[in-house]
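Written out below as structure tokens is the structure these notes cover.
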Amino acid sequence: MVYNEIGKTGMKVSNLSFGASSLGGVFHGIREEEGIQAVHTAVDNGINFIDVSPYYGHLKAEMVLGKALKEIPRDKYFLSTKVGRYGKDGVNTWDYSARRATESVYESMERLNVDYIDLINVHDIEFQAGMEGGLQKVCDETLPALVELKKKGIVGHVGITDLQPENLKWVIEHCEEGTVESILNFCHYSLNDTLLVDYLGFFEQHGVGVINASPLSMGLLSQRGAPAWHPAGKDLQNACAHAAAYCQEQGYPIEKLAIQFSTSYNPRIATTLFSSANPDNVLKNIGYVNDPMDEALVQKVQEIIGDQMFVRWKNS
């Protein structure tokens, strides 16, 4: 396992890391005990960065992860969670106010069975962009509340996440330098889209660490295929399905190629988050990272995806 520092945080994390959204049953139903074992398997095999959110499974992911973390020494992992995006009883909610952000951190710590969060993120800031106060509210209210918790030693570092890298750049430009220590962007350093690369110079210039997420583009690059709720257009979904079928014919699962591709840009991208509640899949993904990547197959897959390369979608 290769370890890279997230920006200037001092957190040296595995280049493949564990995203806990699957523990909330986001992609499909899970068996809780199996999900807990998946976390243990990840940490036992060198993964030391775990990312979650109260939004995933509407609190379920944090609760399941909290049960897993009870049995793992605190110095074995760095823990990241988020504020701003929530849900309860099947209803999604958003609240980027300072008060709710502060409350949420303490609530997350209780669910996660920890007394300290290494990295706290403002979750999917594009939703606040469309609400009263716009992205400026993230700069003026959400982030300052998290910085106060950092001063108190409740959290270690502060970051922001979004699907749209333009929003991440805007917030960094409109905050005091050093406020944002890391960004998490998803589905933009994967086989079908490498838009994130265009922003790496900017993030480096500002000392901001880069976390990549969803090497499978939320299921597009998988044999199972995208879940029903996936916001990508049908043309892109079909192109990725054709690419997956071609990889299968070659005896080289597209999941393997996707994981390898997304972890191959180190150290400019500190880590790539994948999510699985299956311990066997966790081991499989770790093994993928250590195998040499078939460069010719990457080229062929991108040819198959064709004019759907870089096709984007709105978060949902």
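The values are calculated or read from the model by the stated rules, or taken from the named source; none is laboratory data. Treat the numbers as computed from the prediction; the structure is a model and nothing was measured. Quick reminder, even Gly has a Cβ in these numbers, built from the backbone with ideal geometry, and neighbours come from all protein chains shown. Note: accessible area is taken over every heavy atom of the protein model, side chains too, but ligands, DNA and RNA are not part of it. Shrake-Rupley method; radii C 1.70, N 1.55, O 1.52, S 1.80 Å.
What about residue 40, is it at positive phi and not in a strand (DSSP E or B)? Break it down stepwise before answering.
On the way: at positive phi: no; not in a strand (DSSP E or B): yes.
Spelling it out, it is not the case that residue 40 is at positive phi and not in a strand (DSSP E or B).
Give the residues of the stretch 165-207 that are under 13 Å from the mean Cα position of the chain (by Cα) and under 26 Å from residue 304 (Cβ atoms), sorted by residue number.
If the condition is that a residue be under 13 Å from the mean Cα position of the chain (by Cα) and under 26 Å from residue 304 (Cβ atoms), then 185, 186, 187, 188, 189, 190 are the ones that fit.
Would you mention how many residues in the stretch 30-42 are in contact (Cβ under 8 Å) with a residue 12 or more places away in the chain and open to solvent by 20 Å² or more (accessible area, probe 1.4 Å)? So that I can check it myself, show each step before the final result.
Within the stretch 30-42, the first condition is being in contact (Cβ under 8 Å) with a residue 12 or more places away in the chain, and the residues that meet it are 30-32, 34-42.
Next cut, open to solvent by 20 Å² or more (accessible area, probe 1.4 Å) only: 30-32, 34, 37, 40.
Total meeting the criteria: 6.
Quick check: is even one residue across the stretch 237-246 surrounded by fewer than 24 Cβ atoms within 10 Å (Cβ to Cβ), at pLDDT 95 or above, in a loop (DSSP other than H, G, I, E, B) and of a type outside the set (D, E, K, R)?
The answer is no, given that none of the residues of the stretch 237-246 is surrounded by fewer than 24 Cβ atoms within 10 Å (Cβ to Cβ), at pLDDT 95 or above, in a loop (DSSP other than H, G, I, E, B) and of a type outside the set (D, E, K, R).
Counting only residues that are small (Gly, Ala, Ser) and not in a strand (DSSP E or B), which one in the stretch 165-218 is surrounded by the fewest Cβ atoms within 10 Å (Cβ to Cβ)? Spell out how you get there, then give the answer.
Initial filter on the stretch 165-218 (small (Gly, Ala, Ser)): 178, 182, 190, 201, 207, 209, 213-214, 217.
The next check asks that each one be not in a strand (DSSP E or B); those that pass are 178, 201, 207, 214, 217.
On the way: 178: 13, 201: 10, 207: 15, 214: 24, 217: 24.
The selected residue is 201.
β-branched (Val, Ile, Thr) and either surrounded by 17 or more Cβ atoms within 10 Å (Cβ to Cβ) or modelled with pLDDT under 95 (or both): does that describe residue 282?
yes
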